Amino acid sequence: MKVKIKSVIGDLPDYLTLGKVYEVMKTETNEGVGTIISDDGYEMTLIMEGTSDLNGGSWEVVNE
């Protein structure tokens, strides 16, 4: 599955890029939770909506 940022509230952290498509590497048993590789090369937990990384913004699936 691939995702990109749908919305962000305020400033975007340095380790994410607006418009960039990220590959979801792992998915957890909780719906809407997975792992991506951030721009700085670290694994980060992906929460589809209300994530603190996007200051309450959300991600959208662009390709499953």
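The values are calculated or read from the model by the stated rules, or taken from the named source; none is laboratory data. What you are looking at is a predicted structure, and each value in this text was computed from that prediction instead of being measured. Note that each Cβ is placed from the backbone with ideal geometry, even for glycine, and that neighbours are counted across all protein chains shown. Just so you know, the surface numbers come from the protein's heavy atoms only, side chains and all, with ligands and any DNA or RNA stripped out. Shrake-Rupley method; radii C 1.70, N 1.55, O 1.52, S 1.80 Å.
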Pairs with Cβ under 8 Å, 6+ apart, first in region 41-57 and of a type in the set (Lys, Arg), second in a helix (DSSP H, G or I) and open to solvent by 80 Å² or more (accessible area, probe 1.4 Å) | none
Tell me, please, whether a residue that is assigned to a strand (DSSP E or B) and open to solvent by less than 80 Å² (accessible area, probe 1.4 Å) can be found in region 9-20.
-> no
Counted residues, region 1-27 - those being aliphatic (A, V, I, L, M) and over 16 Å from Glu43 (Cβ atoms) = 6
Inside region 26-64, the number of residues satisfying the requirement of being closer than 14 Å to Lys2 by Cβ, within 11 Å of the chain's Cα centre (by Cα) and in a loop (DSSP other than H, G, I, E, B) is 1
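Restricting to region 21-55, give me the number of residues that are open to solvent by 40 Å² or more (accessible area, probe 1.4 Å) and not aromatic (Phe, Trp, Tyr).
To start, the set of residues in region 21-55 that are open to solvent by 40 Å² or more (accessible area, probe 1.4 Å) comprises 21, 23, 25-31, 37, 39-43, 45, 47, 49-50, 52, 55.
When the remaining residues are screened for being not aromatic (Phe, Trp, Tyr), the result is 21, 23, 25-31, 37, 39-41, 43, 45, 47, 49-50, 52, 55.
Count: 20.
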Residue by residue through region 5-51, note down the ones that are of a type in the set (S, T, N, Q) and under 16 Å from Val62 (Cβ atoms).
-> Ser7, Thr17, Thr27
